[in-house]
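Heads up: the structure comes next, in structure tokens.
The values are calculated or read from the model by the stated rules, or taken from the named source; none is laboratory data. Everything numeric here is computed off the predicted structure, so don't read it as measured data. All Cβ positions, even for glycine, are placed from backbone atoms using ideal geometry, and neighbour counts span all protein chains on display.
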Amino acid sequence: MSDIFLALDLGSSKIAAIIGNIEKEIEILGYSIVPSQGIQFGNIVDMNSASSCVSEAVERAEKMLGKKVSPRVVVAIGNESTVPIQSKGVVIIKNKNQEITSKDVERVIETAKTTLLPPNKEIIYALKKEFRVDGQNNIENPVGLTGTRLEADVILITHDVSQIRNVINVMQRANLYIEGFIPKEVALSEAILTEDEMNLGVALADIGGDLSHLAVYKEGSLISTGVLRLGGERITKDIAIGLRLKPEEAEKAKILIGSLKDVNKSLEVTTLQGDKVTINSNQLKEIIQPRVEQILYYIDRKFQELSYPLDLLPGGLIITGGTALLDGIEEFASNFLKIPVKRRCPSILTSYMRGNDAYFFTVAMGALLRIKKDMKIYDKKQPWFTSLKEKFMGFFRPFTES
């Protein structure tokens, strides 16, 4: 099968697409970002608008590549309907040599998926926490080991069935056929967290347009997730209302001269009435700061609700997404929350694009990285999304080898 993948991040303010070859070291072949329409709070609300935006994003990425390709497609999704469930699986190794194969790994994951799910939920991803062989713990990849009993601790990431169907329909209208989903919280960790951070304990916040995705990692695995209906669009709207600007002018002002520091920058913008006026950074700070404080307050409170207060996580808080680009946000957030706060984007992308642009591709890049990691355990010739495909057989393209 092809090692070329298309990873899509469907956001409410933008759609990011990355085409990459994951055969050896990941090679970025093309990428694009387009404004999003038809998606609100992670839900499809207009099928035609959403599919048109997806088509445009893919076409732009292919244009950079210089040709049309037929990549394997994965979509990063997540919102308030995404729910993680702890589960366990166990199988007996039946081959005569008792050597564990990738098919045995698939079998043990499938047994973990047989748990009773909440109504209207379906598994979109099984995150492996730990394998055990004949009682031996802390095994990351059991393939090739010898044993009679293989166990797996798994986090089953579930999502609303109707929303899954809507995303599949959007992709098919764009002439794309999904091979699987990657939860955004999983993709984010692959893109920007270090192994030490995940082992010792760290919080993650992707502050998007209308949603902020939160996750806690500890002992090397995802522990908890959360979503807030707060993001950078609130800041843009505050600027537009406070200074009587068109929304696009407010967004431009936020990006170009917005700051949480005392700086002296100015910009000419157009008001709602069409007049040209000059605004400065201090005016923006008076508007931006209260909203950033609110976002940080609710992020802090959400982690407390998840039973993982930020001050108890040695790795502090890592932030990404467009709002993480706000000038001075690291120092401001660190002082406000009284913990270490760092902003981060995927380092692999900095050689392909400007550093600031990379913040908008964190999720899509993380999806590619996660696929590559999964391929080390699963047989490349087998789809790792088998149970999902069977559940939505009428929506998926039949699986064929290329």
In region 77-126, anything within 25 Å of Ala205 (Cβ to Cβ) and loosely packed, with under 14 Cβ neighbours inside 10 Å is listed as Gln86
Just one of the numbered conditions (1) under 18 Å from Asn43 (Cβ atoms); (2) more than 19 Å from the chain's Cα centre (by Cα) is not true of Asp210; which one? (2)
Within region 275-295, can one find any residue that is of a type outside the set (Gly, Ala, Ser) and either in contact (Cβ under 8 Å) with a residue 60 or more places away in the chain or not assigned by the TED database to the domain that holds Arg234 (or both)? yes
The lone condition Ser334 fails out of (1) surrounded by fewer than 23 Cβ atoms within 10 Å (Cβ to Cβ); (2) among the hydroxyl-bearing types (Ser, Thr, Tyr); (3) closer than 24 Å to Asn264 by Cβ; (4) touching a helix residue (DSSP H, G or I) at 6+ places or on another chain (Cβ under 9 Å) is (4)
Consider Ser13 against the criteria (1) at pLDDT 95 or above; (2) within 22 Å of Arg354 (Cβ to Cβ); (3) of a type in the set (Ser, Thr, Tyr): it satisfies all of them except one. Which criterion is unmet? (1)
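Per-residue answers, yes or no, for (1) at pLDDT 90 or above; (2) under 27 Å from Phe41 (Cα atoms); (3) in a helix (DSSP H, G or I):
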{"residue": "Glu56", "(1), (2), (3)": "yes, yes, yes"}
{"residue": "Glu59", "(1), (2), (3)": "yes, yes, yes"}
{"residue": "Lys67", "(1), (2), (3)": "no, no, no"}
{"residue": "Ala76", "(1), (2), (3)": "yes, yes, no"}
{"residue": "Ser81", "(1), (2), (3)": "yes, yes, no"}
{"residue": "Asn95", "(1), (2), (3)": "no, no, no"}
Being closer than 18 Å to Ser351 by Cβ and surrounded by fewer than 17 Cβ atoms within 10 Å (Cβ to Cβ) narrows it down to one residue among Met47, Met64; which is it? Met64
Filter region 326-345 down to residues that are touching a Gly at 6+ places or on another chain (Cβ under 9 Å) and hydrophobic (A, V, I, L, M, F, W, C), then give me how many there are. 5
Failed condition for Lys261, given (1) surrounded by fewer than 21 Cβ atoms within 10 Å (Cβ to Cβ); (2) without any contact (Cβ under 8 Å) to a residue 24 or more places away in the chain: (2)
Name the residue, out of Glu305, Glu293, that is at pLDDT 95 or above, surrounded by fewer than 18 Cβ atoms within 10 Å (Cβ to Cβ) and under 23 Å from Glu251 (Cβ atoms). Glu293
For region 125-152, which residues satisfy the criterion of being charged (D, E, K, R) and either part of a strand (DSSP E or B) or within 27 Å of Ile178 (Cβ to Cβ) (or both)? Lys128, Lys129, Glu130, Arg132, Arg149, Glu151
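Residues checked against (1) farther than 23 Å from Leu369 by Cα; (2) of a type in the set (Val, Ile, Thr):
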| position | (1), (2) |
| --- | --- |
| Lys63 | no, no |
| Lys68 | no, no |
| Val75 | no, yes |
| Thr82 | no, yes |
| Ile92 | yes, yes |
Residue that is of a type in the set (S, T, N, Q) and in contact with a Lys or Arg (Cβ under 6 Å, 6 or more places away or on another chain), where the choices are Ser36, Ser87: Ser36
Flag for Val74 being under 22 Å from the mean Cα position of the chain (by Cα), farther than 30 Å from Thr146 by Cα and crowded, with 20+ Cβ neighbours inside 10 Å: yes
Note on region 34-43: residues out of contact with any Leu (no Cβ under 8 Å at 6 or more places or on another chain) and either surrounded by fewer than 20 Cβ atoms within 10 Å (Cβ to Cβ) or in a helix (DSSP H, G or I) (or both) are Val34, Pro35, Gln37, Gln40, Asn43
Pairing a residue in region 224-245 that is over 24 Å from Leu313 (Cα atoms) with any residue that is buried (at least 20 other Cβ atoms within 10 Å of the Cβ) and acidic (Asp, Glu), where Cβ atoms lie under 6 Å and the two sit 6 or more apart in sequence or on different chains, gives Thr236/Glu251
Which condition does Val263 not pass, out of (1) closer than 23 Å to Pro35 by Cβ; (2) modelled with pLDDT under 95, if it passes all the others? (1)
Out of all the residues in region 173-199, which are outside any helix (DSSP H, G or I) and among the hydroxyl-bearing types (Ser, Thr, Tyr)? Tyr177, Thr194
